[in-house]
Each structure stands twice: as structure tokens, then as C-alpha cells.
Amino acid sequence: MHPTDFPSQPGTVPPGSIGHNRGVVGRNFAFIPPEGVLKSRLPAWASTTVRFLAAPTLGAGFAQYLLEIEPAGGTVKPICVDLQHFFYVVTGGVDVSIDADPPVSLTAGAFVYVPPGVSFALSCHPTASARVIAVKKRYETAEGIAAPRAIIGQQQAMPMTNHTGLAGRGFKHLLPMGDLRFDFEMNLMFFQPGVCFPAVETHIMEHGLFMLEGQGLYYLGNTWHEIWVDDFIWMGSFCPQQFHPTGLAHSVYLLYKNVNRDVVL
């Protein structure tokens, strides 16, 4: 059978005797395409495939993963651990209950923040599967500042901001920006075609980036990588980085960033 006999899908290449790979793992960054991320399952989640994207074993200070939940699947029972969680519904619909409150029905674009030590339950709607991005992180306490409360929202209702002054580049802050109760941000970043970062950024914050729409070129370390929908990038502390959209429509990605805390010596 010739490699061209295999059905093609966007973002994939036919198998061959030599592996074809867009993925790269460097000292303080990783570019991870979806075709190389294997399936896993967890005891706390029924009828759910888990695809881990970032973890401390990679060098990250958080964990990020994609939940592929079958109809009526989800948490086996409420989960309550000493970690904070964030969920973003990419496709489909789910019901979420926090701290034994009545379930809230969520659709694509919805997001949930669960503080540490607060229970939550999540289940997929029975009519179709759902895909949910999940982030979990150990909370960094700050003297005199209380931990944040739970949040449930819908990105479509969030305002678009342009605090950089660059036309064609917008932000939606899903968690309150500048609120010192939070030790990380989750933002949606929107780019019109041809509108890039004004400079190559090199800073202490690490990132977890999941591409939702469009395509572009991402500069990591000292190389460029073509990024498509469902690609993931981990950027460690002080990794040089820049994004340049290349598609005909706008590009959107979901971005984790640790903030509001001092360095640990």
C-alpha cells in the first residue's frame, strides 16, 4: 500500500518508514501537534478520553489537558482536591455543578473556575460528545489575600479589550485581570490577518496555548513553527516568543499565564 492510499485529514501526514513530526520539545518550550498526543483515561472520569498536553514532567508549573467526553460521560462523582481547576468548553455541551449547587448547562465558549478545596461535578449532555480544555494548578497563597471564589461564564458575553493599543489584536480576560486573589490568568487572544505581536516577548511568565481558530506562525526560542487548530504550545519562563497570523480569517487561541506572585528563591 502506498502512503497516498491512506485517507488524508487536515494537519496529518501519511505514515512512512521515517516518522514525520511537527512536534518539538526544547529546554523551555514545547510545540505539540494533536496527532502525536496519545489517549489516556482516568478513574475519576467515566466515558472520557484524556489527552495530556502539559505537566510538571515537561517542566510546566501546571497541568493542561483535553477532555473528550462521550454523551452522558463525565466525573464519576464530585471531585474535591486541594487544587484549583479551570475548564473551557471547546465543542458540545456540559452540565457543571460546583459545591453541590444545582447544575448549570454550558455550551461552547463557556468557562468555569473552581477554587482549591471546592467540589465540582461535570457531565456531558446526553445528545452529543463534548471537548473541554482543562487546567489545574496548585494555588499559591499570598499573605492577607483570600482565595478567589468560583466563576462560571460565557466568553461570548465578555468584553473585548485592546490594552496594547494595537488595532486588530484583542483580548478577552476570562478571569479578572489584576485581581491579586488569582495566581494565573486565562485569556482569549484574537488576531486579525497580518496583525502580529509588536515585538518578540521574553518574560518570566510561562504559558499554555491552545489554538482554537485560524492559523499562523509562532516563534519559539530561535525557530518558527506553523500552528493550526488544536495545536498546543507550552512556553516556559523567559522563552522568546512571537505570533504572526497567516490565515485569511482571524486567529484565536486560549492562553494560560501565571501572574500576581513573587519569584521563589
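The values are calculated or read from the model by the stated rules, or taken from the named source; none is laboratory data. Keep in mind the model is a prediction, meaning the values are calculated, not measured. Every residue, glycine as well, gets a Cβ built from its backbone with ideal geometry; the counts of neighbours run over all protein chains shown. For accessibility, only protein heavy atoms count, side chains too; no ligands or nucleic acids. Shrake-Rupley method; radii C 1.70, N 1.55, O 1.52, S 1.80 Å.
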ask   = Is the shape of the stretch 122-265 rounded, prolate or oblate, going by the alpha carbon gyration tensor and its root eigenvalues a ≥ b ≥ c, with a/c under 1.5 for rounded and a/b larger than b/c for prolate?
value = oblate
task = Would you check the chain for Lys pairs whose C-alpha atoms are within less than 25 Å, ignoring same-chain pairs closer than 8 in sequence, and give me the count?
result = 10
S105/L58 FRET efficiency (R0 41 Å; Cβ-Cβ; nearest 0.05) = 0.75
inquiry  = Could you tell me the relative contact order of the stretch 81-128? Use alpha-carbon pairs under 8 Å, at least six residues apart, and round to a whole percent.
reply    = 48
message = Could you give each residue of the stretch 194-202 its phi-based ³J(HN,Hα) in whole Hz, using Karplus coefficients 6.51, -1.76, 1.60 with θ = phi - 60°, and x for Gly or Pro?
response = x, 9, 10, 4, x, 7, 6, 8, 9
request  = Whole Å is fine, so just give me how far the alpha carbon centre of the stretch 41-91 lies from that of the stretch 140-207.
outcome  = 22
request  = Convert each backbone phi in the stretch 123-135 into a coupling constant with the Karplus relation 6.51 cos²θ - 1.76 cosθ + 1.60 (shift: θ = phi - 60°), then list the ³J(HN,Hα) values in order as whole Hz, x for Gly and Pro.
outcome  = 9, 6, 4, x, 8, 7, 6, 9, 10, 9, 7, 10, 10
query = Counting alpha carbon pairs within less than 8 Å and at least 6 residues apart, what relative contact order, in whole percent, applies to the stretch 148-265?
reply = 30
Amide H contacts of L175 (H built 1.01 Å from N, under 5 Å, at least 5 apart or other chain) = M186
Two-site label geometry, V264 and S40: point separation in nm, points 7 Å out along Cα→Cβ = 2.0
request  = Give me the accessible area per residue for the chain, probe 1.4 Å, as a whole number in Å².
outcome  = 49
